[in-house]
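In what follows, a single structure is set out as structure tokens and then discussed.
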Amino acid sequence: MPAQRPTAGEVTRFRTVGPQHMDEVAARYGLSHGALETVRAVSRVLPFRVNDYVLSELIDWNRVPEDPIFQLVFPQHGMLRAEDEKLLVDLARARAPKREIAAEVRRIRAGLNPHPSGQMELNVPSLADDALEGIQHKYRETVLYFPQQGQTCHSYCTYCFRWAQFIGDADLRFAAPGPERLVEYLRCHPAVSDVLFTGGDPMVMSTERLRSHLEPVLSVETVRTVRIGTKAVAYWPQRFVSDADADDLLRLFEQVVASGRTLAVMAHFSHPRELETATARRALGRVRATGAVVYCQAPLIAHVNDDARTWAELWRAELSAGAVPYYMFVERDTGPRHYFEVPLTKGLEIFRTAYSKLPGLARTVRGPVMSATPGKVLVDGVEETAEGRFFQLRMVQARDPDLVGRPFRARWSPTAAWMDHLELDPSAPADIAAAFAGTSRRPMAGVSE
Ligand code: SF4
């Protein structure tokens, strides 16, 4: 049973809790010695950070270790290969030299595909042959911007596909020191209508810092939508309610809206519990009152949200908070994917069952969707034919805009969990087949033009 647990609504001072605080966490919430050793070992490889709000108001400590929020933020046994976890535990017990441990950690990380879907090679744009730091351009209309000071989060998700952003390796990190090059790039690319501020979580920045990155973008007339990707409503809703500059932040949001742009807050909710606290509901209400539209998205993750009831509840909660259910993603091919992955056929079943329980207004959601190298692939159904079973697939976004909206299919498999597990049907259109084989000759939207 937890001891000294603050009552709901009590946490107002932001404090991060990491591996160095694990003795305190174990004593306060009653974590076993084995669990403690696992957190210490796995967090050498994967980033671990949580805060007092998540610890005291979101995790149900009576259900640990199965509790979905505990699974969402605490490193778990099984996330690394058994021999790697054992090795790290043994090295710690033997008080091995730091250098030896660091070498093993580097080896294990390199085996976890730190930058999936060609992010490093395919999405970095350039101007006059200079690669632009902290910017990605994959789809024609949308540029992703990674402001340098926004490259952490209020808490880390164990399944994060951007985990490599948080491990202190500059070679694996996207970060833009300032918006000057972004603005230049946008002026040269008027087809870009949307700029997504992302990270990490841009909401970790002070309002003044965010303003310094955001205002220059508003000077580019062709930018019509500013998107902000954030999990702050789930992990630190006080950012919009009681932080010292929370009101200034809302004024900044109003300024974006007053400029005639759409402000889209791309909120990440993994579980309905994140929307249950009064602070989270208040935060959403305050954000919406600025004129921003809140779109919600999250991946489907084993141990966290892999059942239809959870998703139906989540989408209903989003709708009743005035937000728009948008995407259910498939867990990406990176990090401890084997721990979290859900076969596509099960994901489809979960999506359909949950979707069928929704009122029409919540059926804005799409899924399950894979953000693969050529684009976003929707798993739309399963088809029984004389030649066997197939997944019906459709590109809902693509590097090559000609592929968007086009159906194709791949042989059904009970275990396939990602595009690279699928065998495309030979009848797939040649350009789609080429995009997935990596042999497409079409220019990619994000590469220097
Ligand atoms: S909030 Fe987003 S960026 Fe941050 S750890 Fe979670 S998934 Fe990753």
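Every read-out reported here was derived from the displayed coordinates using simple, explicitly stated rules and does not represent laboratory data. For clarity, every value in this text was computed on a predicted model and none was experimentally measured. Positions of Cβ are generated from backbone atoms using ideal geometry, with glycine treated the same way; all protein chains shown enter the neighbour counts.
Descriptive notes on the structure:
- Electrostatic dipole magnitude of region 119-364 [Cβ: Lys, Arg +1; Asp, Glu -1; Cα centre; debye, to 20]: 880
- Taking 7 Å steps out from each Cα toward its Cβ at Lys98 and Ser219 produces label points 4.3 nm apart.
- Global geometry of region 297-401, whether rounded, prolate or oblate, following the gyration tensor of its Cα atoms and the 1.5 cut on a/c: rounded
- Virtual spin-label span in nm between Ser206 and Leu127, 7 Å along Cα→Cβ: 2.7
- Listed residues Glu141, Glu221, Glu387, most fluctuating in the chain (Gaussian network, C-alpha, under 10 Å): Glu387
- Note on Asp247/Glu423: beta-carbon distance plugged into 1/(1 + (r/R0)^6) with R0 of 41 Å gives a FRET efficiency of 0.15.
- Take every Cα pair under 8 Å whose residues are at least 6 apart in sequence, average their separation, divide by the length of region 1-103, and the relative contact order is 30 percent.
- Per-peptide packing, taken as the mean over residues of other Cβ atoms within 10 Å, places 328-334, 15-21, 378-384 in the sequence 328-334, 378-384, 15-21 from highest down.
- Val396 versus Cys188: modelled label distance in nm, points set 7 Å from Cα along the beta carbon direction: 3.3
- Selection among Phe48, Ala164, Ala131 by position relative to the dipole of the chain gives Phe48 as farthest towards the positive end (Cβ unit charges, Cα centre).
- Within the straight-line cut-off of under 22 Å between alpha carbons, the lysines reachable from Lys86 are Lys98, sequence neighbours fewer than 8 places apart in one chain being disregarded.
- Of all DSSP beta bridges confined to the chain, the antiparallel ones make up roughly 50%.
- Here the gap between Ala82 and Val257, fully extended at 0.36 nm per residue and compared with their Cα-Cα distance, gives a gain of 58.0 nm.
- Rounded if a/c under 1.5, otherwise prolate or oblate - the chain, Cα gyration tensor axes: rounded
- For the chain: relative contact order, % (alpha-carbon pairs under 8 angstrom, 6 or more apart): 13
- Global geometry of region 16-110, whether rounded, prolate or oblate, following the gyration tensor of its Cα atoms and the 1.5 cut on a/c: prolate
- Evaluated with a Cβ-only charge set (Lys, Arg +1; Asp, Glu -1), the chain carries a dipole of roughly 400 debye about its Cα centre, given to the nearest 20.
- Using only side-chain charges placed at the Cβ, +1 for Lys and Arg and -1 for Asp and Glu, the dipole size of region 16-110 relative to its Cα centre rounds to 540 debye.
- Dipole-positive endmost among Ala27, Met395, Ala302 within the chain (Cβ charges, Cα centre): Ala27
- Cβ-based charge dipole, region 119-364, positive-most Cα from Val256, Ala278, Gly199: Ala278
- Within the chain, helix-based [θ] at 222 nm, where runs of 4 or more DSSP H residues each add -39,500 (n - 2.57), nearest 500: -9000 deg cm²/dmol
- Beta bridges by DSSP in region 119-364, antiparallel share as percent, to the nearest 5: 20
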